[in-house]
Structures are given as structure tokens and as C-alpha cells.
Amino acid sequence: MTSNYNFQPLQFERLSPEEQLAHSRHFLAAMRTRRTVRDFSTESVPFEIIENAIATAGSAPSGANQQPWTFVVVSNPEIKRQIRAAAEAEEKESYEHRMSEEWLEALAPLGTDWHKPHLEDAPYLIVVFRQAYGLHTEPQTGETTKFKHYYSEESVGIAVGMLLCSLHQAGLATLTHTPNPMGFLSDILQRPSNERAFVVIPVGYPAADAKVPAITKKPLNEIMVHFD
Ligand code: IYR
């Protein structure tokens, strides 16, 4: 098969070694201040920050550049209320019956439970959907066919990481929330049959009295293996 793409020269800014180190240190220091937040203020946030974060996520690499993602932004209070009610119903069932003792023990240090007030308090919810396969509608006949998406899980995971970085550096707090199961999100948000809910991300300012668990990240020597 021949390529549909034309190739063009790469636009690449070569930094000095000093600039490279300075940028990488600043980025590390900034990212180390990111925390998952569960207590949100109801204060509104500029919508352009949400748009820019989603555009950043949309610039992520993806399998065969298929960009298998949809970012649904919810600020409507009634839809947030519906999402909270459905998520809490599923989470209550999970915490009380579906999760193993081992799982509950692993979560204990985080202090989570089935109550999800952040789903209504945060001014925005970004609900990320993964397109498990593509849908193509023939303009002539109106006939819709499915086509395969490659590495959609990995692609959406990378895009979500970039979304979280963008929101953090714009001074906003996020929570990566994965109610289980998430089918109710497809119903409430009327998503097509090829889309699967991937994660719900409440976005906003932390509540004035927000607390986070005193957890630490593994040091470099535990997470990096170097063959020189
Ligand atoms: N989805 C549940 C449980 C939960 C699971 C993991 I793994 C976490 O890191 C945190 C929570 C909830 O949102 O409470």
C-alpha cells in the first residue's frame, strides 16, 4: 500500500546543553508537586484551560496516528449529578461486595470509599473515552463499516498523561477516577457503540481544607535499570 502522507522537514529546536538541563529540572520539580486530589472547591475555572489541556492530549502519539479518543467535558450540574449518583451506586456495590480483601487492603492507605462528592463539586469532569475500533461512514451510500484501531489502550493512556501534565502546570487539581464498571457513562453521555469509558477526571481547584495521603514515590534507583 502506498502512503497517503507527504513528508516534510522536521521543525526541531536544538537547545543548548544548559537549556536542556534547566528545562528538564524545572519540569521534574513542577511535576513532583502534582498530587491526586479528592476534595474540590466549586470555584469555576477558565474554560480555555480545559480546551488547551484537551488539545495537548490530542497532540499525543497514537497507534497508526488513529487518535482513538474522545474527551467529553461535563460542567452541566444535572449531568454531573446523574454521573455521581450512578458512580456511587456502582462504587458502593464494589466496596461492599465486589472488591477482594486484598484490594481493599491495598487501597486503605488512600482512604477512599464509595462517596464521590468530587463528581459534583469539581466545576468540570473530563470523561475520556477510548475508541475500541474506528467507524467509517461511506458518504455516497451512508453505509458504516468498522476498522481496527491499533494500541488504543496505550494511546489513550499516553494522552491522559499529557492531559494531567497540562492541567497541573496550569495550576489545577485533578483526580484520575475509574468507577467500576463504567458502562453508565456511555449511557448518560450518549456515546456511540465503538467508545468505552477509560477514566473520569474531575478538574478544579482543591478545596481550602483538602488533605492528601502522606505517600511517597519510589526513588530513581528502584524504578530505573541502566545498561551502559
Ligand atoms: N474505583 C474505586 C476504587 C479505587 C481503586 C484504585 I486501584 C485506586 O487507586 C483508587 C480507588 C474508587 O474510585 O474509589
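We did not get these values from a lab; they are worked out from the coordinates using the rules stated. Here the structure is a predicted model, which means the values were calculated and not measured. Cβ coordinates were reconstructed from backbone atoms using ideal geometry, including for glycine residues, and neighbour counts include every protein chain displayed.
So that you can scan it fast, the table gives a plain yes or no per residue for (1) of a type in the set (Ser, Thr, Tyr); (2) within 14 Å of the ligand (Cβ to nearest atom):
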| residue | (1), (2) |
| --- | --- |
| 142 | no, no |
| 147 | no, no |
| 155 | yes, no |
| 160 | no, no |
| 165 | no, no |
| 175 | no, yes |
| 182 | no, yes |
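Whenever a residue of the range 74-98 is touching a residue at least 60 places away in the same chain (Cβ under 8 Å), its partners that are more than 16 Å from the ligand (Cβ to nearest atom) and outside any helix (DSSP H, G or I), lying with C-beta atoms within less than 8 angstrom and at least six residues away or across chains, give the pairs 74/124; 74/189; 79/189; 83/74. Can residue 54 be described as more than 14 Å from the ligand (Cβ to nearest atom), assigned to a helix (DSSP H, G or I) and either within 25 Å of residue 191 (Cβ to Cβ) or among the β-branched types (Val, Ile, Thr) (or both)? The answer is yes for residue 54.
The rows are residues; the columns are (1) away from the ligand (no atom under 16 Å from the Cβ); (2) under 30 Å from residue 4 (Cβ atoms); (3) in a helix (DSSP H, G or I).
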position	(1), (2), (3)
81	yes, no, yes
86	no, no, yes
89	no, no, yes
112	no, no, no
125	no, no, no
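Entry remark, the range 135-146: residues being surrounded by fewer than 13 Cβ atoms within 10 Å (Cβ to Cβ) and either out of contact with any Leu (no Cβ under 8 Å at 6 or more places or on another chain) or in a helix (DSSP H, G or I) (or both) number 8 in total. The lone criterion from (1) within 16 Å of the ligand (Cβ to nearest atom); (2) surrounded by fewer than 13 Cβ atoms within 10 Å (Cβ to Cβ) left unmet by residue 94 is number (2).
Reported count of residues in the range 186-228, each being surrounded by 10 or more Cβ atoms within 10 Å (Cβ to Cβ), among the aliphatic types (A, V, I, L, M) and not in a strand (DSSP E or B), is 5.
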